[in-house]
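One structure below.
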Amino acid sequence: MRTRAFVATVLRCIALIPFLAGLAQAANPSVIWVTNSSNFGAGSFAGALAQLQPIAAPQEIRFAYPAGQTIYLNGPVAPIVGADVRIDGADMSGTVVIDGAGWTQATVAAGSGTTTLTLANLTLRHGQAIGKGGCVSVNDATTTTVLDHVHFIECRAFVDASHPARGGAVYAAGTLSVLDSQFDRNEILTLGTSAETNDAGGGALSSEGGHNVTIARSAFRDNRIFLVNSLPSFCSSGSGGAVYLSLPGAASTGSIADSTFTGNLTSCRNPTVTYESVGTGDAGAASLNSDAGTFLVERNFFDSNIGYRGGALAFINANQTQVTIRNNTLRANRGIASSGGVSFVNCCYVSMRNNTFSDNRSGTDAYPNQYGGAFTISMGTLELANNIIDNGGHAGSSCSYTFGQVTSSHNLYSDAACPLPTADPTSFVTGPMTWLGAPADRGQYVLVMPPAYGAPAIDAGDDARCPLYDARGVVRPLDGNGDGAAHCDIGALESSYVDRVFGNGFE
């Protein structure tokens with residue numbers, strides 16, 4: 001009896017072997033090593049891509065070659081295959097730099113079966129594509145793309161009459177997460193000398209479809225769309241100098257947090273002239289579009305971006321979209337047609353709380369701020385609370401409302417050039433905001449504009465509409481004026497009381 005019991009136990013253990021092997025395979029992904037910086041052959045990055053298999057088990061491409069060398073591509077590389085693929089440069093003592101030299105570094109074809117593609121700890125530069133994604137092009141809507149500590153430099157996508165362009169550096173047709181990454185000088189350009197099309201979106205990054213997009217702790221600098229055409233009457237470019245998101249459907253969400261956008265723009269050149277027209281496409285920094293989804297934009301810094309409608313942000317034809325914009329700093333952005341800060345056109349349900357608008361403007365030098373320097377809303381509902389709106393001394397209006405419903409509470413204006421549709425006794429004009437400091441690093445991820453000690457923004461906000469945290473993630477409210485009571489500050493930054501030994505401020 002004991003012998004039969006022993007034999008039965010052995011047989012059961014043997015039967016478990018395939019199951020345990022499967023667990024081991026899932027826990028320990030297949031690893032393909034890049035062992036040299038050659039542009040083809042055994043041990044190369046191109047060779048590693050070619051070794052990926054169309055299997056369900058996780059696969060990783062990792063790097064172990066002499067630090068300081070750059071990988072250059074000399075032609076197209078194999079597309080990503082396999083359900084779960086990770087390309088990670090974390091094993092290297094130095095940065096893994098993959099220079100596309102005119103070729104796209106990572107492509108997922110439609111219908112590939114890849115459910116997750118993760119790129120981490122890499123620098124990708126000089127990738128190019130006609131159409132979508134100069135350095136990373138993910139064309140399968142079922143693929144989740146994760147970018148974690150990836151630096152994109154001078155990637156390009158080209159537009160022509162038969163190829164709309166999306167994402168100078170990155171295009172994702174499915175769910176997208178961008179974490180702790182940088183995008184520098186990426187662009188969408190016209191293929192050839194001219195093309196009568198302006199179908200382009202996202203000089204750095206674009207994602208389209210009914211899914212979710214998260215951008216966090218990332219930086220977008222000097223990205224652009226630059227097209228050559230004569231549309232509609234002289235010259236026109238696409239939308240989103242840095243980012244273009246089109247996320248239809250009530251279940252879609254877009255989130256941009258703790259990120260910096262500086263110097264991004266849309267521009268165009270008429271083929272009959274030799275100069276560039278700046279601000280010829282909507283949204284210098286980010287164009288965010290949905291018919292019924294939600295967008296959250298919080299704790300970001302927007303500076304010196306230029307667009308047509310919306311120097312920093314544009315929400316165009318967003319219909320039933322729910323938009324929350326809080327704890328952002330928008331400074332020196334310019335919208336040629338409307339709003340240097342944020343433009344809402346045929347849009348949406350908006351809550352803007354505790355933002356700092358400073359020195360934004362719309363229009364040309366000859367016709368400044370005709371349609372709102374800080375923000376413009378057309379056909380929407382807007383809650384405006386605890387915002388600093390500094391006109392920067394520009395002529396014209398800081399705000400523009402057209403057929404919108406606006407509720408307002410505890411906002412500060414530098415002048416009377418932001419007329420409200422209805423009376424608001426809690427908001428007031430302070431005069432020139434000389435107490436608003438220059439952009440400064442006060443911890444965490446983005447620059448802020450700190451108010452000086454004793455500024456009228458301190459402890460003057462509406463506590464009932466105060467976000468839980470400020471632009472740095474510091475808890476609100478704090479006692480900022482030393483009266484023993486904590487109240488919400490107006491603007492993106494929450495100040496704490498600093499006692500002064502001497503009245504002149506010297507300690």
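The values are calculated or read from the model by the stated rules, or taken from the named source; none is laboratory data. Small disclaimer: the values here were computed from a predicted structure and weren't measured. Reconstructed Cβ throughout: ideal geometry from the backbone, glycine too, with neighbour counts over all protein chains shown.
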- Note on the structure: Checked the stretch 311-344 for anything outside any strand (DSSP E or B) and modelled with pLDDT of 95 or more; matches are Gly311, Ala312, Asn327, Asn328, Ala332, Asn333, Gly341
- Task: Give me the pairs, please: first residue somewhere in the stretch 29-57 and over 17 Å from Ser112 (Cβ atoms), second residue anywhere and among the charged types (D, E, K, R) and surrounded by 15 or more Cβ atoms within 10 Å (Cβ to Cβ), beta-carbon distance under 6 Å, and either six or more positions apart or on two chains.
- Result: Pro29/Glu60; Val31/Glu60; Val31/Arg62; Trp33/Arg62
- Item | Selection count where residues are under 18 Å from Glu60 (Cβ atoms) and not hydroxyl-bearing (Ser, Thr, Tyr), scope the stretch 139-148 | 3
- Message: Please return the ranges of strands (runs of 3 or more DSSP E) entirely within the stretch 170-220 where 2 or more residues are within 22 Å of Asn300 (Cβ to Cβ) and polar (S, T, N, Q).
- Response: 205-208, 212-216
- Given the stretch 349-446, what strands (runs of 3 or more DSSP E) lie entirely inside it while holding 1 or more residues that are over 23 Å from the mean Cα position of the chain (by Cα)? 375-378, 381-385, 388-390, 399-402, 405-409
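For (1) at pLDDT below 90; (2) among the aliphatic types (A, V, I, L, M); (3) buried (at least 24 other Cβ atoms within 10 Å of the Cβ), each residue gets a yes or a no:
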site	(1), (2), (3)
Asn346	yes, no, no
Ser351	no, no, no
Tyr371	yes, no, no
Ser378	yes, no, no
Ala395	yes, yes, no
Gln405	yes, no, no
- Message: Which condition from (1) closer than 21 Å to Phe234 by Cβ; (2) surrounded by 24 or more Cβ atoms within 10 Å (Cβ to Cβ); (3) in contact with a Cys (Cβ under 7 Å, 6 or more places away or on another chain) is the one that Asn270 breaks?
- Response: (2)
- What are the pairs, 6+ residues apart or on separate chains, where a residue within the stretch 383-407 that is closer than 24 Å to Ala471 by Cβ has its Cβ under 6 Å from a residue that is of a type in the set (Val, Ile, Thr) and assigned to a loop (DSSP other than H, G, I, E, B)? Asn386/Ile490; Ile388/Ile490
- Could you please find all residues in the stretch 241-255 being under 14 Å from Ala318 (Cβ atoms) and either of a type in the set (Ser, Thr, Tyr) or under 13 Å from the mean Cα position of the chain (by Cα) (or both)? Tyr244, Leu245, Ser246, Ser252, Thr253, Gly254
- Task: Specify which of the listed residues (Val228, Val150, Val159) is farther than 21 Å from Ala314 by Cα, touching a Leu at 6+ places or on another chain (Cβ under 9 Å) and in contact (Cβ under 8 Å) with a residue 60 or more places away in the chain.
- Result: Val159
- Query: Regarding Ala42, is this residue surrounded by fewer than 12 Cβ atoms within 10 Å (Cβ to Cβ), farther than 27 Å from Ala169 by Cβ and modelled with pLDDT of 50 or more?
  - Reply: yes
- Message: Let me confirm something: among Val31, Val108, which residue is crowded, with 21+ Cβ neighbours inside 10 Å, more than 21 Å from Gln182 (Cα to Cα) and β-branched (Val, Ile, Thr)?
- Response: Val108
- Message: Just to be sure before I move on: is Ile55 crowded, with 18+ Cβ neighbours inside 10 Å and either among the aromatic types (Phe, Trp, Tyr) or at pLDDT 95 or above (or both) in the structure I sent?
- Response: no
- Looking only at the stretch 98-109, decide whether some residue is part of a strand (DSSP E or B) and either more than 17 Å from Ser207 (Cα to Cα) or among the basic types (Lys, Arg) (or both). yes
- Item | Test for Ala78: is it in contact with a helix residue (DSSP H, G or I) (Cβ under 8 Å, 6 or more places away or on another chain), hydrophobic (A, V, I, L, M, F, W, C) and under 25 Å from Ile188 (Cα atoms) | yes
- Give the residues of the stretch 245-302 that are part of a loop (DSSP other than H, G, I, E, B), within 30 Å of Glu494 (Cβ to Cβ) and not hydrophobic (A, V, I, L, M, F, W, C), sorted by residue number. Asp258, Ser259, Gly263, Asn264, Gly284, Gly293, Arg299, Asn300
- Query: Among (1) without any contact (Cβ under 8 Å) to a residue 40 or more places away in the chain; (2) touching a Gly at 6+ places or on another chain (Cβ under 7 Å); (3) within 20 Å of Asn333 (Cβ to Cβ), which single condition is Ala452 missing?
  - Reply: (3)
